[in-house]
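Shown next, in structure tokens, is the structure this report addresses.
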Amino acid sequence: MKYTRITALAAVSLAATLSLTACGSDNSAQGSVSKDSSSTAGSSSSDNQSSSDTGSKSQSNSGSDGSQAGSAKSGSGQDTAAETTSNGTAAGGKTTFCKTKDLAIDAAPDSADPGRVNITMMNRGATTCSATGFAGVDIKDADHTSNPIERGHAQPRITTLKPGDAAVFDIAYTADNSGNSLSSPTNILVTPPNETHTVTLNWPTGAGDIKGAYTDVQVYPTHTVNQG
């Protein structure tokens, strides 16, 4: 009877030992799994950080290259805009308008028509220029009034002047042969086409008297001498 009781106690003790061993093994396994999961998560985080760094570097490099390309284009554009040719034309081949200071301007009566005054503009500058269009003309009278002259009905002709070339335009009116003209012109004020600076010329000796008022006088566009 005593032996049987000892045997039963030994069996209970063995069962408890096995139970504790099993629990320790499960905890150890869970700890191992947890560590592995943590390690995997850490590895994924490291990979993601590496990808982020790579993307950031790629964007940084791309932005730098783009900025350099834009700067090069801007520089090229500025160089093109600044280009001019040595003969006075702007970039693209457009000729600049003649400046008053570069023109020698003179007025003379037309030998074939007493009701016409020819005004010549010679390019004394060093570059080619354009005198195309209508000059501004006022006639100053002996009574000190200044009278603007209207444009005649004519189309401007291309008038490009190389250094030494001349352009001509006319002011025309009906000549008064009666000797009773009420007009007494003393000066012609000329502003070349597309200019703002004016020169004052003397009314040419030998020009016919003006019949009627200054409103009857007309100015015509410029043309080169060889255009007639």
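In this structure, Ala107 does not qualify as outside any loop (DSSP other than H, G, I, E, B) and closer than 12 Å to Thr222 by Cβ. For the stretch 175-198, which positions are surrounded by fewer than 14 Cβ atoms within 10 Å (Cβ to Cβ) and more than 34 Å from the chain's Cα centre (by Cα)? Asn177, Ser178, Gly179, Asn180, Leu182, Ser184, Thr186 - these are the residues of the stretch 175-198 that are surrounded by fewer than 14 Cβ atoms within 10 Å (Cβ to Cβ) and more than 34 Å from the chain's Cα centre (by Cα). Going through (1) free of Cβ contacts under 8 Å to residues at least 24 places away in the same chain; (2) crowded, with 17+ Cβ neighbours inside 10 Å one by one, His144 falls short only on (2).
Throughout, read-outs are computed from the coordinates displayed, never taken from laboratory work. What you see is a predicted model, and the numbers here were worked out from it, not measured in a lab. Positions of Cβ are generated from backbone atoms using ideal geometry, with glycine treated the same way; all protein chains shown enter the neighbour counts.
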